[in-house]
Structure formats: structure tokens, C-alpha cells
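Structure first, then comments.
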């Protein structure tokens, strides 16, 4: 690996990995142009990003798919399985637990947790729904590395505090709020309403430009 990898490059590596995994049937190599086309960037950006991994490809041949997949997985730390818990067993939490993409990418949902006793019991695909007081035990017993927050904004900070206290240092937050955590904790925020508002901005500008 060549030096410090920029955050923007890190954000594109999972996209490249998905493209390599989904498009490798019957193929052993992939050009930067092919990868750029399916990843939605230009080929120069692909070559620059992959150069940080020490992978430069072969002129006229491209990149060895198996080798490049292995390099990206190593950089992203995907050479092992990671256990995660989802706090919030409502519609969103259950949908996330049912999502096959987590398993395919090497993540195991150890449990759903909720404060509502009526939701406790069997969950999607056999994932147990446990009362929230079980959080600390599950984190310890299942060697949980990642906490996923799928509760309303009003309860998200309390959940984040509890996850951090249990030793979780990586949080994926679906609640529409900014969490206050220690700098040692990495938080990724998925705000669906914000993304929709960005789309409406582009819709509005496109309509204005054509009127």
C-alpha cells in the first residue's frame, strides 16, 4: 500500500469491489475504463485510486480481478467477519436485519435490540430480537464491532452513548440527527431525507434551467 489513502478514495473502494464481484463472470481481467463505466467515475480517477493500493495494472490487459479484489478487501479490513447489532426493531431495523447484502459483504447481524417488550422474540431470518438491557452482554458474547442505530432521532444519542459505553467504536447511524461521540468513535450517518432533498434540488434546478 502506497502512503495514506485519501478519504474520497476509501469511499470509492467498496464501489469498485462491488463492481468487480458482480461483473467477473467468465473474466479474469478488467480495464480501468470498464471499471470506471460501472462505477460512475472516469478511468483516470480509477487508476489514481488503485495506485494507492500499489496496483497499476498491465497496459493493454488491465487489472487481474482476483488480485485486485484481494487488495481492496485487505485495505478495507474485510479479511474477517464482523458482528453487528441493530438497535431499533421497527420497520427499518427489521428491514436492515433482512438485508442479504450485509452477509455477502462479510457482516453478521448478531441481534436486534429494542425497548418495546412486544417486539422481543424471533426476528427476520432467525436474528433474535432482544430487550435493550441485553446490549452489553450481546456485545461481549458475540464480539460485536459495529452498532447500527435505527431508532427515532429523539432516542439516538442515548443509544449511541450506550453503544460507546459497551465498547463499540464504529456506528452506522440511520437516525436523522448528529451524534455527539468521543473522537475515538467512527460514525457514518445515513440520512435518507437529506438525500431526497438533494435530489429535489437537482430536480428544481433542472426544471428552472428548461423553463
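The values are calculated or read from the model by the stated rules, or taken from the named source; none is laboratory data. Being a predicted model, the structure only gives us computed values, none of them experimental. All Cβ positions, even for glycine, are placed from backbone atoms using ideal geometry, and neighbour counts span all protein chains on display.
Of the residues 76, 50, which is crowded, with 18+ Cβ neighbours inside 10 Å and out of contact with any strand residue (DSSP E or B) (no Cβ under 6 Å at 6 or more places or on another chain)? I'd like the intermediate steps shown before the answer.
Working: 76 fails: crowded, with 18+ Cβ neighbours inside 10 Å.
Residue meeting the stated conditions: 50.
Identify all residues within region 33-43 that are touching a helix residue (DSSP H, G or I) at 6+ places or on another chain (Cβ under 8 Å), in a helix (DSSP H, G or I) and modelled with pLDDT of 85 or more; write none if there are none.
Taking region 33-43 as the starting set, the residues that turn out to be touching a helix residue (DSSP H, G or I) at 6+ places or on another chain (Cβ under 8 Å) are 33, 35-36, 38-43.
Now restrict to residues that are in a helix (DSSP H, G or I): 33, 35-36, 38-39, 43.
If the condition is that a residue be touching a helix residue (DSSP H, G or I) at 6+ places or on another chain (Cβ under 8 Å), in a helix (DSSP H, G or I) and modelled with pLDDT of 85 or more, then 33, 35, 36, 43 are the ones that fit.
Considering only region 98-109, how many residues are over 15 Å from residue 80 (Cα atoms) and either at pLDDT below 90 or in contact with a strand residue (DSSP E or B) (Cβ under 6 Å, 6 or more places away or on another chain) (or both)? Write out each step before concluding.
Quick first cut of region 98-109, residues over 15 Å from residue 80 (Cα atoms) only: 98-101.
With the extra rule that they be either at pLDDT below 90 or in contact with a strand residue (DSSP E or B) (Cβ under 6 Å, 6 or more places away or on another chain) (or both), the set shrinks to 100-101.
Of the residues in that region, 2 qualify.
Answer yes if at least one residue in region 62-72 is within 24 Å of residue 170 (Cβ to Cβ) and within 16 Å of the chain's Cα centre (by Cα), and no otherwise.
yes
Name the single residue, out of those in region 20-32 being farther than 12 Å from residue 46 by Cα and surrounded by 13 or more Cβ atoms within 10 Å (Cβ to Cβ), that is modelled with the highest pLDDT. Full working, then the answer.
So in region 20-32, the residues farther than 12 Å from residue 46 by Cα come out as 20-29.
After this cut, where a residue has to be surrounded by 13 or more Cβ atoms within 10 Å (Cβ to Cβ) as well, the list is 20-21, 23-24, 29.
Working: 20: 87, 21: 82, 23: 63, 24: 61, 29: 90.
Selected residue: 29.
Considering each of 16, 52 in turn, give the residue that is under 20 Å from residue 104 (Cα atoms) and at pLDDT 90 or above. So that I can check it myself, show each step before the final result.
Values: 52 fails: under 20 Å from residue 104 (Cα atoms).
Sole residue among the options that is under 20 Å from residue 104 (Cα atoms) and at pLDDT 90 or above: 16.
Among the strands (runs of 3 or more DSSP E) lying completely within region 118-211, list those that include at least 3 residues that are touching a residue at least 60 places away in the same chain (Cβ under 8 Å).
On the way: elements: 128-131, 144-149, 170-173, 186-189.
It comes to 144-149.
If you take the residues in region 115-150 that are touching a helix residue (DSSP H, G or I) at 6+ places or on another chain (Cβ under 8 Å), modelled with pLDDT of 95 or more and over 20 Å from residue 169 (Cα atoms), which one is surrounded by the fewest Cβ atoms within 10 Å (Cβ to Cβ)?
131
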